[in-house]
Amino acid sequence: MELKPLIRVEGLSFGYTQKIVLNDVNLTIAEGEIVTLLGPNGCGKSTLLKIMLGLLRPARGRVFFSDRDILHVSPKFLAKEIAYVPQIHKSSFPYAVMDIALMGRIPHKTFFFRYSKADMSIAHDALERLSISHLANRAYTEISGGERQLTLIARALAQGAKTFIMDEPASGLDYGNQLRLLDQIIKLSREGYTFIKSTHSPEHALWIADRAVMIKNGAIVSDGKCDDIINDESLFRLYNARVNVLRLNGSLRVCVPETICGCQEFAKSLWMSQDIMEPPGDMMQSKREAVPVKEDHKNAEI
Amino acid sequence: MKIGKNLFPVLTLILILTTGISLTFGKYPVAFPDMIRFFLYKVLNVGYVAPETYHLLGSLFLDIRLPRILAAVLIGASLSVSGAAFQAMFVNPLVSPSLLGVLAGASFGAALGMVFSKSWLTVQVLTFTFGFVAVLISVGIARIHKGDTILLLVLGGVISGALFTSLLSIIKYIADPYNQLPAITQWLMGGLSFVDGRILLAIGIPQVLSIILVILFSGYLNALSMGDEEARALGISVEWIRMLLIFLATLMSALTVVLAGMIGWVGLIIPHIARMLVGPDNKVLIPVCALIGAIYLIIVDDVSRMLFSVEIPIGITTSLIGIPFFAIILRKAKKGWN
């Protein structure tokens with residue numbers, strides 16, 4: 001892909017008095033990419049996202065958006081380009097879904113403002129695009145977690161930004177809503193939106209991201225196409241957990257924890273016949289002694 | 001949510017009616033038609049009122065009752081608006097204007113003035129000044145520490161409020177127990193009987209201006225109540241807007257103490273009632289709070305004046321009416337937040 005760089009992070013370091021959170025991070029993100037940050041708790045993913053949003057000031061290094069240092073542009077300008085989609089939360093006040101989407105118009109308003117008809121229709125369109133316009137007058141506190149996440153995405157759309165930064169967007173969502181969220185991200189990415197998101201689930205990266213960036217102890221340990229860098233070894237190094245990355249149906253890949261994956265027979269049957277529905281009957285018993293089998297099939301697939 | 005738009009004319013009408021009816025209440029009762037006749041003659045020069053009655057009613061309405069009622073309007077609106085703004089800013093529906101210590105500081109200032117000065121102006125200036133000093137201390141405490149600003153501000157408010165409450169106790173302890181102490185105590189219970197036209201004008205202008213400014217800023221309050229990070233990611237200069245709103249809310253509340261001493265509970269209860277009526281959207285909520293707060297305080301002041309032959313301090317009445325009312329609506333009010 002010949003994409004032009006959109007966000008450039010150069011020599012970024014960040015830390016509190018005792019603890020270094022990020023150390024000399026360099027990263028370039030191109031327009032239209034879906035980039036997933038992977039890493040254990042406390043590795044610095046969230047901090048990196050917040051620095052890119054201009055919410056935290058780096059101790060050293062700079063972040064450029066379209067070649068402009070984000071510390072030298074106004075927050076309003078940045079908000080029109082980059083939107084923050086936080087984890088779902090319960091707001092303390094039951095604002096209507098429409099009120100939340102309208103907040104996205106704030107960067108476009110002058111100092112004292114009232115929302116205009118145009119703002120209303122932009123916010124409404126955003127809800128429409130995510131198929132939640134029927135919720136417009138419902139209280140944000142009373143809708144489901146998945147609907148709340150979509151509301152926050154709608155706000156980002158109403159903001160008019162083309163780059164979305166999402167901090168663990170799937171956390172707190174049930175399985176079905178996680179899948180629907182990923183689906184929305186793919187759809188929007190096809191329309192030219194750029195996504196930078198952190199996740200705890202490497203599978204989400206394998207399924208929808210072009211690129212994964214693995215961060216550990218405040219440094220990038222690997223950065224590349226998901227298929228190239230997400231494998232048993234890199235996940236072990238990252239999370240200190242034994243996971244088998246198995247190939248299904250040619251391109252699709254899944255992560256199966258080794259303790260569950262069990263014996264070689266099961267892993268092989270899964271890998272060769274794509275028959276997930278019928279695991280071997282003795283899988284549960286053979287859990288423990290199955291550790292040293294992973295080498296052969298893994299090499300075969302890469 | 002639809003109720004919001006129609007509510008403004010209705011509330012404005014209720015406010016005008018309450019004001020009118022309250023003008024007829026008092027030690028010297030005036031029939032409602034007589035009052036209408038007086039104002040028609042006074043303002044539009046329509047009809048006729050005998051000169052003697054005209055002078056009597058003129059001083060009764062314009063010098064005594066109207067300033068008092070307008071003061072109630074200003075105080076009720078100010079406390080409610082600053083309460084609602086604080087609740088949104090601090091993402092906590094149980095917060096009241098006294099959160100950052102403004103009322104404690106202002107009370108201390110008033111007491112200090114009453115003990116060490118004979119001049120009423122000094123008392124008022126000290127009241128206002130220490131209201132601000134208390135809030136500055138809260139904000140200062142929040143600024144010197146790093147961390148969650150909202151939490152630090154609340155803690156700063158607790159510290160500052162406690163400080164000025166103890167300082168007030170010292171003043172009460174050293175005050176002359178025959179003259180000064182009763183005066184201080186009565187002041188702290190609140191009352192509108194000291195209000196006159198001149199002071200009303202001096203205090204009313206900044207108060208009205210700050211209410212209007214908060215209403216103009218109310219569009220930011222929704223976003224601020226989503227948390228600092230989200231608000232900043234929406235391009236809002238959070239620190240700046242928050243300080244401005246704290247300044248305006250402090251100005252309004254400190255001035256209510258200058259006008260009428262300590263009046264509690266209004267800033268907590270009215271935003272809840274308003275939220276029950278129009279929902280949490282601050283663009284609608286804040287102006288509705290101003291109107292309901294004004295109406296509420298006129299009525300409470302009427303009760304204070306009329307219930308017994310001796311006037312009850314309004315601070316006591318607001319609490320006595322407000323607390324049971326709040327207890328009753330608590331279940332419904334809970335729907336207004338979580």
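The values are calculated or read from the model by the stated rules, or taken from the named source; none is laboratory data. If you're wondering where the values come from, they're calculated on a predicted model, not measured in any experiment. Note that each Cβ is placed from the backbone with ideal geometry, even for glycine, and that neighbours are counted across all protein chains shown. Note: areas computed on protein heavy atoms with side chains; ligands, DNA, RNA excluded. Shrake-Rupley method; radii C 1.70, N 1.55, O 1.52, S 1.80 Å.
In the set A:Val213, A:Val221, only one residue is crowded, with 17+ Cβ neighbours inside 10 Å, modelled with pLDDT of 90 or more and not in a loop (DSSP other than H, G, I, E, B); that residue is A:Val213.
Take the conditions under 17 Å from the mean Cα position of the chain (by Cα) and surrounded by 24 or more Cβ atoms within 10 Å (Cβ to Cβ) and apply them to B:Ser96. Does it pass? No; evaluated as a whole, the condition is false for this residue. If A:Glu81 meets every condition in (1) within 11 Å of another protein chain (Cβ to nearest Cβ); (2) open to solvent by 30 Å² or more (accessible area, probe 1.4 Å); (3) without any contact (Cβ under 8 Å) to a residue 40 or more places away in the chain apart from one, which number is that one? It fails just one condition, (3). The criterion of being assigned to a helix (DSSP H, G or I), touching a Leu at 6+ places or on another chain (Cβ under 8 Å), touching a residue at least 12 places away in the same chain (Cβ under 8 Å) and within 24 Å of B:Phe194 (Cα to Cα) holds for B:Ser253. Please verify whether A:Asp228 is within 15 Å of the chain's Cα centre (by Cα) and either charged (D, E, K, R) or open to solvent by 30 Å² or more (accessible area, probe 1.4 Å) (or both), treating the condition exactly as stated. Spelling it out, it is not the case that A:Asp228 is within 15 Å of the chain's Cα centre (by Cα) and either charged (D, E, K, R) or open to solvent by 30 Å² or more (accessible area, probe 1.4 Å) (or both).
Taking region A:30-76 as the range and being assigned to a strand (DSSP E or B) and under 24 Å from A:Tyr239 (Cα atoms) as the test, the residues that pass are A:Ile34, A:Val35, A:Thr36, A:Leu37, A:Leu38.
Filter the helices (runs of 4 or more DSSP H) completely within region B:156-236 down to those with at least 1 residues that are within 20 Å of B:Leu70 (Cβ to Cβ) and in contact with a Ser or Thr (Cβ under 9 Å, 6 or more places away or on another chain).
Numbers: elements: B:180-189, B:197-224, B:228-233.
The qualifying helices (runs of 4 or more DSSP H) are B:197-224.
Restricting to region A:105-118, name every residue that is surrounded by 16 or more Cβ atoms within 10 Å (Cβ to Cβ), more than 7 Å from chain B (Cβ to nearest Cβ) and in a loop (DSSP other than H, G, I, E, B). First the steps, then the outcome.
Of region A:105-118, the ones surrounded by 16 or more Cβ atoms within 10 Å (Cβ to Cβ) are A:105-109, A:113, A:115.
Filter once more, so that each one left must be more than 7 Å from chain B (Cβ to nearest Cβ): A:105, A:108-109, A:115.
A:Arg105, A:Lys109, A:Tyr115 - these are the residues of region A:105-118 that are surrounded by 16 or more Cβ atoms within 10 Å (Cβ to Cβ), more than 7 Å from chain B (Cβ to nearest Cβ) and in a loop (DSSP other than H, G, I, E, B).
Could you grab me the full set of residues in region A:134-180 that are assigned to a helix (DSSP H, G or I), under 15 Å from the mean Cα position of the chain (by Cα) and buried (at least 23 other Cβ atoms within 10 Å of the Cβ)? A:Gln149, A:Leu150, A:Leu152, A:Ile153, A:Ala156 - these are the residues of region A:134-180 that are assigned to a helix (DSSP H, G or I), under 15 Å from the mean Cα position of the chain (by Cα) and buried (at least 23 other Cβ atoms within 10 Å of the Cβ).
Residue check: is B:Leu121 within 14 Å of another protein chain (Cβ to nearest Cβ) and open to solvent by 10 Å² or more (accessible area, probe 1.4 Å)?
On the way: within 14 Å of another protein chain (Cβ to nearest Cβ): no; open to solvent by 10 Å² or more (accessible area, probe 1.4 Å): yes.
No, not satisfied.
Of the residues B:Ala290, B:Ala274, B:Ala327, the single one that is of a type in the set (Gly, Ala, Ser), away from chain A (no Cβ under 14 Å) and surrounded by 20 or more Cβ atoms within 10 Å (Cβ to Cβ) is B:Ala290. Within region B:237-250, the residues that satisfy the criterion of being in a helix (DSSP H, G or I) and open to solvent by 30 Å² or more (accessible area, probe 1.4 Å) are B:Glu239, B:Trp240, B:Met243, B:Leu244, B:Phe247.
For B:Leu79, the conditions (1) surrounded by fewer than 23 Cβ atoms within 10 Å (Cβ to Cβ); (2) within 22 Å of B:Val214 (Cα to Cα) all hold with the exception of (1).
Residues checked against (1) more than 22 Å from B:Ser96 (Cβ to Cβ); (2) within 14 Å of another protein chain (Cβ to nearest Cβ):
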residue	(1), (2)
B:Ile141	no, no
B:Ile150	no, yes
B:Ile159	no, no
B:Ala175	yes, no
B:Leu181	yes, no
B:Gly197	yes, no
B:Gln207	no, no
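Somewhere in region B:134-153, is a residue out of contact with any Pro (no Cβ under 8 Å at 6 or more places or on another chain), buried (at least 16 other Cβ atoms within 10 Å of the Cβ) and farther than 28 Å from B:Met243 by Cβ? Checked against the condition, which is being out of contact with any Pro (no Cβ under 8 Å at 6 or more places or on another chain), buried (at least 16 other Cβ atoms within 10 Å of the Cβ) and farther than 28 Å from B:Met243 by Cβ, region B:134-153 yields no hits at all. The combined condition, being outside the structural domain of A:Leu49 (by TED's automatic domain parsing), among the polar types (S, T, N, Q), in a helix (DSSP H, G or I) and out of contact with any Lys or Arg (no Cβ under 7 Å at 6 or more places or on another chain), is fulfilled by A:Ser121. Taking the criterion of being closer than 21 Å to A:Tyr140 by Cβ and either open to solvent by 20 Å² or more (accessible area, probe 1.4 Å) or within 7 Å of chain A (Cβ to nearest Cβ) (or both), the residues of region B:209-226 that qualify are B:Gly219, B:Asn222, B:Ala223, B:Ser225, B:Met226. Restricting attention to region B:277-286, and to residues there that are in a helix (DSSP H, G or I), open to solvent by less than 20 Å² (accessible area, probe 1.4 Å) and within 12 Å of chain A (Cβ to nearest Cβ), which single residue is nearest to A:Met103 (Cα to Cα)? Looking at residues that are in a helix (DSSP H, G or I), open to solvent by less than 20 Å² (accessible area, probe 1.4 Å) and within 12 Å of chain A (Cβ to nearest Cβ), I get B:Asn282.
Taking region B:1-96 and the helices (runs of 4 or more DSSP H) fully enclosed by it, the elements with 3 or more residues that are more than 21 Å from B:Leu259 (Cα to Cα) and free of Cβ contacts under 8 Å to residues at least 60 places away in the same chain are at B:3-24, B:32-39, B:51-58.
How about region A:84-103: which of its residues are more than 7 Å from chain B (Cβ to nearest Cβ) and either crowded, with 19+ Cβ neighbours inside 10 Å or touching a Cys at 6+ places or on another chain (Cβ under 7 Å) (or both)? Outline the logic, then answer.
Residues of region A:84-103 that are more than 7 Å from chain B (Cβ to nearest Cβ), as a first pass: A:85, A:87-89, A:97-98, A:100-102.
Those that are more than 7 Å from chain B (Cβ to nearest Cβ) and either crowded, with 19+ Cβ neighbours inside 10 Å or touching a Cys at 6+ places or on another chain (Cβ under 7 Å) (or both): A:Val85, A:Ile88, A:Val97, A:Met98, A:Ile100, A:Ala101, A:Leu102.
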